[in-house]
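See below for the structure under consideration.
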Amino acid sequence: MSAPPLEPQRLPNGLLWLARPVPGSQVAVRVVYRCGGRDDPTGRSGLSHLVLRLIAGASRYLEPGQFHRLIASAGGRTRIEIDEDFAALQTVVPAPQLERVLWAEAERMSNPRLDPDTLASARQQLRQAVQEPLLNPYARLDLAVQRHGYLTHPYQRGALGDPEQLKDLDIDAVRAFHAARFGCDRALLVVTGAFDEGALARWVMHYFGSIRPPMPPSAVTALTAAPAVSPTASATPASGLPASSSSGPAAVPVTPPAAASPASPVASVAEPRELRESRRPQSQTLKLSLAQAPLPAAALVWQVPRADDPSLPTWQLAQALLGLGRSGRLTDTLVDEKALAHQLSLRLDAHRDAGLLVAQALAAHGQTAAPLAQALQQEVLRLADEAITDEELGKAKALLRRETLSAEWTADRLARALGTAWAVRGDAGAAAKDMAVWIKLGGADVQQFWRRQVVQAPVLTLLADVGAAAGVAA
């Protein structure tokens, strides 16, 4: 992403879209809604996740499972993503199938089937998605990082949700939330890969330009939205899919949206209120019991500012010095030299309102969680005192640059990066701007920052021993 800052284009109905070419034979289509776990109403954790599964499940012209069969038969793959800050649908297919995917995504955006039957199916899918991570023997530790790392912000409940809070939800409430938070004016369409720019612009306007802006929740009593396309008997099969041809799907006549009069109830939905996280007043240690885990584990959690904070590039460079690749200090010392850890990671979870820096490790055989956590903390804090060599700094920047530049990225990876940057940072080109900052930073800059932001800051320590008693450590 070394190109100039990316500026999405806006359709008359409010939908944003951007496209970036990537060499190869595939295209990726990503639809991102700026609505995630943070936006779930109190007592309805998982509502954004539920609505996303409804959008992905069936629509006016796509029966349950038909979209997935369509993509599989084209040799592609598709997935849904729910995050604390956004909900996304992403599909990768051979380039000749691009128009067909654009039609299908416009259909899913404008005409999701929101009825009691599809709601029951989506509830079951959500329940399965929530259960899947619990198969990991370290799931309790991961959940504790989320729930205790944040103090008051809705991020602490995660994005997957709680099925029990949604079991009595009626379809009218789902429709109202969908209308308020999943309208086209809150979405970004990203297309990356091999495509003709002129044809893509025509298809985007043809299929997505017909989607009507969202109605206010008070007006949502039934599925009355106009279809993304109006199929005709000569151009479209009964299923509503564009007719197949040797050159791709045929054009489908589109019914343009009706113009809104001054008295029209159609309106853009305002952004949710800004959510703030409380600051951790003091360091804390919690003990967990991992009954099924093969090895003890430990995690250290520090609070990080929101993703659009000017300090984020410095956090990125410090993370690269400590934990990016096999050359990071943590792996060098705790895995290779001292053999205290079997494996470890240092991740920077930068979210829209707040973030976490999480150092997490599995103990080597014969070790317990407490000494592992102590050694891990010593290595993290040592970044503030031990000089950072030019070679070390150059290597960290090279690793970051390789992660940032898109020259060798696949269409799939680039679409995800652009869509996520827009949803979390409010800027699809944020990564290039970050690079322009951290590339100028010196070792002394990082150390001074680390003393202030980490060494002097409270830390949450999570000790997870196998079969040990849980509680607050003394």
Please turn the phi angles of segment 430-445 into ³J(HN,Hα) values with the Karplus equation 6.51 cos²θ - 1.76 cosθ + 1.60 (θ = phi - 60°), one per residue in order, whole Hz, x for glycine and proline. 4, 4, 5, 5, 4, 4, 5, 8, 6, 5, 9, 6, x, x, 5, 4
Which order do peptides 80-86, 16-22, 131-137 fall in by mean Cβ count within 10 Å, highest first? 80-86, 16-22, 131-137
Averaging over all projection directions, find the projected area of the Cα convex hull of segment 9-219 and quote it in nm² with one decimal place. 12.7
Distance between Cα centroids, segment 125-154 to segment 362-414: provide it in whole Å. 24
Rounded to the nearest angstrom and ordered from largest down, what semi-axes does the equivalent ellipsoid of segment 62-117 get from its C-alpha gyration tensor (root of 5λ)? 20, 15, 11
Cα-only Rg/Rh for segment 387-455 with Kirkwood Rh rounds to 1.05
Under 5 Å between amide hydrogens, which residues at least 5 positions from residue 153 or on another chain qualify, with H placed 1.01 Å from N in the peptide plane? 278
What is the antiparallel percent of DSSP beta bridges lying wholly in segment 9-219, to the nearest 5? 80
By average Cβ neighbour count within 10 Å, what is the ranking of 384-391, 34-41, 438-445 from highest down? 34-41, 438-445, 384-391
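Let me check against my output: what whole-number percent is the relative contact order of segment 112-193, with C-alpha pairs under 8 Å and at least 6 apart?
Normalised by residue count, the contact order of segment 112-193 is 35 percent.
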Could you run the Debye sum over the Cα atoms of segment 290-352, one equal point scatterer each and no solvent, and tell me log10 of I(q)/I(0) at q = 0.15, 0.21 Å⁻¹, two decimals? -0.58, -0.91
Going by amide H atoms built from the backbone, whose H comes under 5 Å of the H on residue 27, apart from near neighbours? 93, 95, 194
Can I get the semi-axes of segment 7-107's equivalent ellipsoid? Compute them from the C-alpha gyration tensor as square roots of 5 times the eigenvalues, in angstrom, largest first. 24, 18, 13
Pull up the cross-link candidates among the lysines for residue 287, meaning alpha carbon to alpha carbon under 29 Å and not fewer than 8 places away within one chain. 338
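The numbers here are math on the coordinates, done by the rules we state, and not lab data. In this text, all values refer to a predicted model and were calculated from it rather than measured experimentally. Virtual Cβ from ideal backbone geometry, glycine too; neighbours counted across all protein chains shown.
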